[in-house]
Amino acid sequence: MRRLKFTLFALASLLLCSCSAYKKVPYLQGSEYLNMANVQTPLYDAHIMPKDLLTITVNTSDPDAAIPFNLTVATPITANSKSLTSQPSLQQYLVDNNGNIDFPVLGTLHIGGLTKSQAENMIKEKLKTYIKENPIVNVRMANYKIS
């Protein structure tokens, strides 16, 4: 009986000692001192490169003023289950090997190496001579790829 009590006492003390927190876990120690601004990396802003396909739209409060700057290509009529529909789609601009595109009315624009926001701002500046109000220019990469 004495041996059984000793074994139970040893087993209970062993189990109770194993419940203490382990304070030397390296990935949790000192976490309050981390500066999260140093840990996060900034987002990459993609640059426009040769052979990129871009969709560029120009919008204003007067839609007629923006029509010459938005090239639309009529899509063929498609048969839907309920009706026949035709939706025009915007033409895409192919950036040539020199980084240029041929934009309507404005002519050849060199946008190779610019970011999306830089290209939008450049087109806005050039449009100010043709459109009196501040236009909204959207540049989207149609064939975004990582190289």
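Okay, here's what the table says:
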quantity	calculated
Checking Ile111 against (1) surrounded by 10 or more Cβ atoms within 10 Å (Cβ to Cβ); (2) of a type in the set (A, V, I, L, M, F, W, C); (3) at pLDDT below 90, the condition it does not meet	(3)
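This table checks each residue for (1) at pLDDT 90 or above; (2) part of a helix (DSSP H, G or I); (3) acidic (Asp, Glu).
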{"residue": "Asn38", "(1), (2), (3)": "no, yes, no"}
{"residue": "Thr55", "(1), (2), (3)": "yes, no, no"}
{"residue": "Val58", "(1), (2), (3)": "yes, no, no"}
{"residue": "Ala66", "(1), (2), (3)": "no, yes, no"}
{"residue": "Thr75", "(1), (2), (3)": "no, no, no"}
{"residue": "Ser81", "(1), (2), (3)": "no, no, no"}
{"residue": "Asn98", "(1), (2), (3)": "yes, no, no"}
{"residue": "Asp102", "(1), (2), (3)": "yes, no, yes"}
{"residue": "Asn134", "(1), (2), (3)": "no, no, no"}
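The values are calculated or read from the model by the stated rules, or taken from the named source; none is laboratory data. The model shown is predicted, which means the values in this text are computed figures rather than measured ones. Positions of Cβ are backbone-derived with ideal geometry, glycine not excepted, and every protein chain shown enters the neighbour counts.
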